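**Student:** This structure is in structure tokens; I'll ask about it shortly.
The values are calculated or read from the model by the stated rules, or taken from the named source; none is laboratory data. In this text, all values refer to a predicted model and were calculated from it rather than measured experimentally. Note that we place each Cβ from the backbone using ideal geometry, even for glycine, and neighbour counts take in every protein chain shown. SASA here: full protein model, heavy atoms, side chains in, ligands and nucleic acids out. Shrake-Rupley method; radii C 1.70, N 1.55, O 1.52, S 1.80 Å.
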Amino acid sequence: MVRKLKRSKDKFPDIPDTSEMKKIIFHSILSYLSKQDGHISKMEIKDVLFDSISLIPGFRVEWGEIQKFGRSRLLVNYKDKVLVLDLEEISNMILKLWDHYLDTHPHHKVK
């Protein structure tokens, strides 16, 4: 007896919910930074971004090969689409904002 498997329908919409994406990324970064007392590295920020993007429903994330895509590139897959995301600029901006915050809020400086 041969049975055909039913294809399960993808429960994710064709276009992901951008407001949900923003919330997940924003809250992940804030949650991480709220636990820090001093300076952080660029790699720590990139790891937080990787982890937060991975939390978005339907997203699969992996680091791109340096030889093919360059440094700091994430491959983000949603349904049958792939986005190559450069984290360099965003991680630099987060670091600058964090350093400015440390400079203006002395209670968070390293002791």
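**Student:** Of the residues VAL82, VAL61, VAL110, only one is of a type in the set (Val, Ile, Thr), modelled with pLDDT under 95 and under 17 Å from the mean Cα position of the chain (by Cα); which?
**Tutor:** None of the others qualify; the one that does is VAL82.
**Student:** How do the helices (runs of 4 or more DSSP H) wholly within the stretch 30-111 filter down when requiring 2 or more residues that are under 21 Å from PHE12 (Cα atoms) and open to solvent by less than 30 Å² (accessible area, probe 1.4 Å): which remain?
**Tutor:** 42-54
**Student:** From the list ASP37, ASP51, pick out the single residue that is of a type outside the set (A, V, I, L, M) and over 19 Å from LEU83 (Cβ atoms).
**Tutor:** Checking each option against the conditions leaves just ASP37.
**Student:** Going through the stretch 51-104 one residue at a time, which ones are closer than 20 Å to ILE25 by Cα and among the aromatic types (Phe, Trp, Tyr)?
**Tutor:** PHE59, TRP63, TYR78, TRP98, TYR101
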